[in-house]
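Enquirer: Please read through the structure below; I'll follow up with questions.
The values are calculated or read from the model by the stated rules, or taken from the named source; none is laboratory data. A quick note: this is a predicted structure, and the numbers were derived from the prediction, not measured. Positions of Cβ are generated from backbone atoms using ideal geometry, with glycine treated the same way; all protein chains shown enter the neighbour counts. The protein model used for the area step is the full one, side chains on, heavy atoms only, and it has no ligands, DNA or RNA in it. Shrake-Rupley method; radii C 1.70, N 1.55, O 1.52, S 1.80 Å.
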Amino acid sequence: MKTTHALSHVLDYNLTDKNLLDEIKQWIDSNMLVMDQKYIWKVGIATSEDIVKVAGKVRNDYECKHFKYWRTDSFKHSMGLVMKLTKYPFIFKSTLNEYCGKGAYIFTYKAPCPPKNLFYHTLHF
């Protein structure tokens, strides 16, 4: 029954109804059932050649969770999305972020927040 409902939802999907920022925020919210104080979200930009390398690095780290990426219209659009997303208190720019290639892919994943990180205290106290 759930599968039929899910398929009908996919078939009714209209690309003009949602913009990419709302889709990314909705995906992050759906994978954040309980605000776990040990984890933060990281976002970044990658080229089409580098997105596979980024996915491999994130998935090899057993503590990183919920990796996903989206194709954007341009590098400028990707930069705007990263700027808007990093305004939230639990989303930070990834160390795997790459500006030099002017990529058109934006990625996000959930990673542990190290206790010695400067932002750990602002998030948890």
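Enquirer: Within the stretch 39-94, can you find the residues that are open to solvent by less than 40 Å² (accessible area, probe 1.4 Å) and in a helix (DSSP H, G or I)?
Expert: Those that are open to solvent by less than 40 Å² (accessible area, probe 1.4 Å) and in a helix (DSSP H, G or I): 51, 54, 55, 56, 58, 78, 80, 81, 82, 85.
Enquirer: Of the conditions (1) more than 22 Å from residue 112 (Cα to Cα); (2) in contact with a Ser or Thr (Cβ under 8 Å, 6 or more places away or on another chain), residue 76 satisfies every one except a single condition; which number is it?
Expert: Tallying (1) more than 22 Å from residue 112 (Cα to Cα); (2) in contact with a Ser or Thr (Cβ under 8 Å, 6 or more places away or on another chain), residue 76 fails exactly one: (2).
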